[in-house]
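Presented below is the structure to which this report refers.
FYI, it's all coordinate maths here, none of it is from the lab. Everything numeric in this text was worked out from a predicted model, so none of it was measured. Quick reminder, even Gly has a Cβ in these numbers, built from the backbone with ideal geometry, and neighbours come from all protein chains shown.
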Amino acid sequence: MFSNRFFWTDTGIVLRAMLFRESDVRLRLLTRNHGIVTAYAFGGRKSRRRFCGCLDFCNELCFTVQYSSVRRYLSMQEARLISGSSRMRVNRSALGMMVNCMKFIEAAGVPDENREEAYAIVHGIRCVLEGTRMVDSRMLPELFRLRIATMHGFIPSFSACSVCSGSVFDGAFLSVSDGSLICLNCAHRMQGGDRLKLSGETVRALNAVQLELPQQWPVFTDAKLADFQIRECFQASDRLVRYHLGIVWENGAFQRY
């Protein structure tokens, strides 16, 4: 990555590509070194020399941008395609899950200190959904949201009890409001609170999602877990994200409340 005060080069994944005027494109990108940025590709719809027809949703690009004269916006000078998303485009289920993930990362934002981690997570989910192996899991966007919330530091560790540091892999209680995981032994000695009981297999799955990038997640298909464990994963992720990030899905978009 090269940068100075006036222009810089980086790699990025296209979160949104919006057409405006006759031949221009407004892009939202998640970049490896600059987080989420907006850039304008003037002539992007027609230029094959500077952009090579690569300014499409979910494409991974290497690009150069330059600040306008008064630094009000970024103008993309050129871009080349690193990798496309051709398989995903013919799989409506995979494409829908990727759109959901992209909308969520844009709503959640990226802390400055976690730019590279955020890029690695989005790049990983993109590789899974674009990969040759069949992906048939409605859980992926939910697990992705949990992983992003972990990056923001709001999600408890799924590897040990927050009270005694003992094992939670035989089952545990999730305290949503406290953001803590409590083993069964400690939970019996404590009363009250907003708790969600999780089976041992659910805790193991959520722990793996929390610690690993998507390429290493052991849970790619719903067949890996029983139906009640799938429901537990959904409930744990949804309630933690709602409570701690304040993000909900409304009217076709993620909103903060």
Options (1) -0.31, -1.09; (2) -0.46, -1.06; (3) -0.37, -1.05 for log10 I(q)/I(0) by the Debye sum over Cα atoms at q = 0.08, 0.15 Å⁻¹; the value derived from the coordinates is listed as (3)
Under 26 Å from the Cα of Lys224, which lysines turn up, not counting those fewer than eight places away in the same chain? Lys197
Pick out which of Arg239, Arg92, Arg138 has the largest mean-square fluctuation in a Gaussian network model of the chain, springs linking Cα atoms closer than 10 Å. Arg92
For region 58-158, just list the percent of Cα-Cα distances falling in each 10 Å bin from zero outward, please. 13, 37, 34, 14, 2
Please give the charge dipole size of region 1-90, origin at the Cα centre, charges +1 on K and R Cβ atoms and -1 on D and E Cβ atoms. Round to the nearest 20 debye. 140
All aspartates and glutamates inside 17 Å of Lys46 as judged from Cα atoms, apart from same-chain residues fewer than 8 positions distant: Glu22, Asp24, Asp56, Glu78
CD proxy, 222 nm, the chain: helix-only mean residue ellipticity via -39,500 (n - 2.57) per DSSP H run with n ≥ 4, per residue, nearest 500, stands at -9500 deg cm²/dmol
Return a whole-number percent for the relative contact order of region 1-143, with Cα pairs under 8 Å and 6 or more residues apart as the contact set. 21
What relative contact order, as a whole-number percentage, does the chain give when Cα pairs under 8 Å and 6 or more residues apart are counted? 14
Looking only at Ser180, Ser75, Ser165, which one moves most when the chain is put into a Gaussian network model with springs between Cα atoms under 10 Å? Ser165
Sequence-distant residues sharing a close amide H with Val163 (under 5 Å, placed H): Cys183
Using per-residue counts of other Cβ atoms within 10 Å, averaged over each peptide, order 139-146, 153-160 from highest down. 139-146, 153-160
Per-residue HN-Hα couplings for region 153-160 [Karplus 6.51, -1.76, 1.60; θ = phi - 60°; Hz; x = Gly/Pro]: x, 9, 10, x, 6, 9, 10, 7
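Nearest 20 debye, what's the magnitude of the dipole of region 84-208 about its Cα centre given +1 on Lys and Arg Cβ and -1 on Asp and Glu Cβ?
Working: 14 positive and 12 negative charges, 95 e Å.
It comes to approximately 460 debye.
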Apply the Karplus curve 6.51 cos²θ - 1.76 cosθ + 1.60, θ = phi - 60°, to the phi angles in region 163-174 and return the couplings in whole Hz, x for Gly and Pro. 9, 10, 6, x, 5, 10, 7, 9, x, 6, 10, 9
